[in-house]
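What follows is a single structure, written as structure tokens, with notes after it.
Read-outs: derived from the displayed coordinates by stated rules, not from any lab. Keep in mind the model is a prediction, meaning the values are calculated, not measured. Quick reminder, even Gly has a Cβ in these numbers, built from the backbone with ideal geometry, and neighbours come from all protein chains shown.
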Amino acid sequence: MPFLRRFRQRPASAQAAPRKKLNLYLVAGLGFFLLGLFCSVYWTFPGEILRQRLVHELEARLPLKVTLAEADLRPLLTVTGKQLSVGLPDQPGTLFQVDTFQVDPHWTSLFTGELGVEGDLSVLAGELSFRWQRSGPLELSGQKLSLDLPLATSPATRFSGILTTGRVTTAAPLQKTTESRIDLTFEQVAVQGLEDLVSNAAGLRLGTISLQMTGQGTAFSIARLEMTGGDLELSAEGTLMLATAKPQNSRINLNLSVRAGKQADPILVSLLELAGTPQSDGSRKLRLTGTLDKPVFR
């Protein structure tokens, strides 16, 4: 009868279809809920807490004084920030300022268990990239960075120039077993604050500087230091004992071969003729000791 057929038990497949559809709705609803929660965490994440944490971590791991104006967390755990200033703990002023930066997790490190981060910074009218692993290894590379850094306090001198290419492989924090390598090339280098040596308003012009160093812990060997195209033509090799707490107290021991450049100030030329040991090629042998803050020439 039609009436009885209406109330016959429906096949299992017919009952399963609405159940599957209900499960699909539940899964979709849960997915949208988690997505909304995920987005709300990013949109409402307290940037001030993130900013304070970043400053704390940088100052705890590096001998630096850090200020940061703004920090934010974006999808895929990307951290961005603006106006990051870096200086030395016991000295006024800043070494350099980062205009903007972006830091991402080093995703491939998840497969090795060696967690790390990598990032790019817009700094000093140039670019700086880095990769750091939680266990310490740190790689830095930079190009076209305009520098203006304090060198010494007595007399007060500053180093200016453009880092055209640079690569540093080391660790942060620096350990006794850390092996480091530093390769840097600077152009348009000058040292301000040496008015007694040169009358040029541009200061002591050093032209192009190339530096190669290797290190074990805080002990560094300077394999090559060359200056060309400036008031001085120089080649040097020696050692550097890095003071991590106060870098300006780092001890240096360099053997120098120096001669006046073609356009050197006459005062500088006269001073060089009175210094060091003359060589057959016209250069002078000098030795540089003391600290970065208080160098001594012999």
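Table for the structure above
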quantity: Label-to-label distance, nm, for residues given as Val117 and Ile49 (7 Å Cα→Cβ offset); calculated: 1.6 nm
quantity: Net lengthening on full extension, Ser199/Ser270 (0.36 nm per residue, minus Cα-Cα); calculated: 24.2 nm
quantity: Under the Debye formula (equal points on every Cα, no solvent term), log10 I(q)/I(0) of the range 91-238 at q = 0.14, 0.17 Å⁻¹; calculated: -0.82, -1.12
quantity: Largest-first ellipsoid semi-axes for the range 158-283, taking √(5λ) over the Cα gyration tensor eigenvalues, angstrom; calculated: 29, 16, 14
quantity: Square roots of five times the Cα gyration tensor eigenvalues for the range 43-121, Å; calculated: 24, 16, 11
quantity: q = 0.16 Å⁻¹: log10 I(q)/I(0) that the Debye formula gives for the range 45-87, counting C-alpha atoms only; calculated: -0.39
quantity: Radius ratio Rg over Rh of the range 191-234, counting only Cα atoms, Kirkwood formula for Rh; calculated: 1.14
quantity: Cα-only Debye scattering, the range 205-254: base-10 log of I(q)/I(0) at q = 0.16, 0.30, 0.32 Å⁻¹; calculated: -0.51, -1.03, -1.07
quantity: Calculated FRET value between Ser235 and Glu139, using beta carbons and R₀ = 25 Å, to 0.05; calculated: 0.35
